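Following: one structure in structure tokens, then a few remarks.
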Amino acid sequence: MRTHYPGRIAPSASTTTARASAGPLLDHLGRLVRSGGESALARLGLRPRHLVALTILRDHGGEIRQQRMAAALQIDGTNLVGLLNHLEAAGLVERRRSPEDRRRHVVELTGAGRRRLAQAEDALAALEDELLGALDDGERETLYRLLRKATGGQAGCAGQAAACAGDDAGC
């Protein structure tokens, strides 16, 4: 299904004569990505912070100590418990006692969690394809490379975690 995103910025005559500023365009694109992404995730029963948590779990082999997960997400352990309660109630993760240290908990990504993460990534890729549809593959790669360079390489999951994991209002 193709969604129309209102408010696309079309180039004007003044854009070509005045000094170009990327800020408003990046802000506009960011808003489109964020609102579209939140809608896509909501259809799957997820929020951006859930996506980040599931991604971190997958990237750590599907299992991580709860304390290490809090550090990776850069959130307080109490906030992590709330996040994990939601994911566990949905059957996406399981918590159990560590066999090495019964005082610690291990968080494991379930099969359902892996499938939901794949669905979320597919939905976000489709959104990106729509939003960046005017760019060919080479231009997209250039855009990605330049954005990584401009953000100092912080555009990956760790950057997302810092922005979203502890923010209940926006993520």
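The values are calculated or read from the model by the stated rules, or taken from the named source; none is laboratory data. Predicted, not measured: the structure shown is a model, and the values here were computed from it. Neighbour counts are summed over all protein chains in view; Cβ atoms, including those assigned to glycine, are modelled from backbone coordinates with ideal geometry. Only protein heavy atoms, including side chains, enter the accessible area calculation; ligands, DNA and RNA are left aside. Shrake-Rupley method; radii C 1.70, N 1.55, O 1.52, S 1.80 Å.
Data for the structure
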{"read-out": "Cα gyration tensor, segment 13-141 - rounded (a/c under 1.5), prolate or oblate", "value": "prolate"}
{"read-out": "Fraction of accessible area attributable to carbon and sulfur, segment 31-89 (%, probe 1.4 Å)", "value": "47"}
{"read-out": "Exposure rank, largest accessible area first [R103, R97; 1.4 Å]", "value": "R103, R97"}
{"read-out": "Global form of segment 113-153, assessed from the alpha-carbon gyration tensor, a/c cut-off 1.5", "value": "oblate"}
{"read-out": "Check: segment 13-82 dipole with +1 on Lys, Arg Cβ and -1 on Asp, Glu Cβ, in debye", "value": "80"}
